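Q: Here you go, one structure.
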Amino acid sequence: TPGAINYWNGAGDYTNNAIDTNPNAAGTLDSAYISVDRFARTRLTLADFKVSNPAVFELPAGGLGVAGGIEARRQTYEDNRDPRLDGTQTFFNPIANLVVPSDVAGSSDTPDTFGKRQVFSVFAEVAVPLVAPDMDIPLVESLDLQLAARFEDYDDVGNITKPRVALSWYPAEWLQVRGSYAEGFRAPNLPQTSEPEISRVVGRPDLYYCQALVNRGVVASLAACNEDGIGNEFGGSMERITSGSQLLKPEESE
């Protein structure tokens, strides 16, 4: 009927990029437009207990400072895709007799994601004064040592313990020399561990075919296959599949 969308109309004079002389009516196109929503949310519930004392007892150079604490965290991650994309509302292709998981033209299906984790942490720190100004030690106005450690236990990626040691030296009142050694970590986030399998078809040059043309002298070099206007001639497609993994462990650093 006249109300149907004509997919084959377009510019009248292609070589001159002319304006479409027979466009679809705006109302006709509007009938095919839909809204696609995505709802994402993260939550963090935290409880902790901390104690500190700058001088638990006295050393020859001053008070020994101690700090420590425990912490419990619960994290959740939710990524809720539109029903037309997460497989709830599919599209049936009657010609191919095929059910397509995505009901949105030009958009691949994407499943919903939900992840959660619980983390328990313990940390402690000690500040040790080694030398004080009134001790009259040559080239040592003051010398202080810091020792610290942190332990974290994740219910999904394991546990880890990391230390830190630091030293502060004042040869004189106007000069400070500091040095430290610390180890750190970064746990994988919930999308990295909980996202389900997602597939995408991506285009890329067929380098084997291009190499054959280079050997025959049709193409100057293999690099030419990636140049604009050339790469499409040797294009192919591949399916890329990605997913989160429970096998990931925290990244460590020094």
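The values are calculated or read from the model by the stated rules, or taken from the named source; none is laboratory data. All figures in this text were calculated on a predicted structure; none of them were measured in a lab. In this analysis, Cβ positions are derived from the backbone assuming ideal geometry, glycine residues included, and neighbour counts consider all displayed protein chains. To get the accessible areas, we keep the full protein, side chains included, count just its heavy atoms, and leave off ligands, DNA and RNA. Shrake-Rupley method; radii C 1.70, N 1.55, O 1.52, S 1.80 Å.
Q: Scan segment 150-163 for residues that are surrounded by 19 or more Cβ atoms within 10 Å (Cβ to Cβ) and assigned to a strand (DSSP E or B) and report the count.
A: So the count comes out to 3.
Q: Here is a follow-up. Only strands (runs of 3 or more DSSP E) wholly contained in segment 10-114 count here; list those with 3 or more residues that are open to solvent by less than 60 Å² (accessible area, probe 1.4 Å) and within 30 Å of V131 (Cβ to Cβ). Don't jump to the end; show me each part of the working.
A: Numbers: elements: 38-53, 65-81, 91-93, 98-100.
The strands (runs of 3 or more DSSP E) meeting that bar are 65-81.
Q: Evaluate segment 59-68: report whether one residue or more is closer than 30 Å to R200 by Cβ and either of a type in the set (D, E) or over 37 Å from the mean Cα position of the chain (by Cα) (or both). Steps first, answer last, please.
A: Residues of segment 59-68 closer than 30 Å to R200 by Cβ: none.
No, the conditions are met nowhere in segment 59-68.
Q: When only residues in segment 235-254 that are closer than 13 Å to E197 by Cα and of a type in the set (D, E, K, R) count, which is modelled with the highest pLDDT?
A: The extreme case among them is R240.
Q: For R178, only one of the following conditions fails: (1) over 30 Å from D109 (Cβ atoms); (2) at pLDDT below 90; (3) open to solvent by 40 Å² or more (accessible area, probe 1.4 Å). What is its number?
A: (2)
Q: If you don't mind, another one. Across segment 126-149, which residue is modelled with the lowest pLDDT among those that are open to solvent by 70 Å² or more (accessible area, probe 1.4 Å) and closer than 30 Å to G69 by Cβ?
A: Here the answer is L130.
Q: State all residues of segment 43-56 that are modelled with pLDDT of 95 or more and either under 10 Å from A67 (Cβ atoms) or hydroxyl-bearing (S, T, Y) (or both); if no residue qualifies, say none.
A: Result: T45, K50, V51, S52, N53.
Q: Would you pick out the residues in segment 106-135 that are under 23 Å from R38 (Cα atoms) and without any contact (Cβ under 8 Å) to a residue 12 or more places away in the chain?
A: The first filter runs over segment 106-135 and keeps only residues under 23 Å from R38 (Cα atoms), leaving 106-117.
G106 - this is the single residue of segment 106-135 that is under 23 Å from R38 (Cα atoms) and without any contact (Cβ under 8 Å) to a residue 12 or more places away in the chain.
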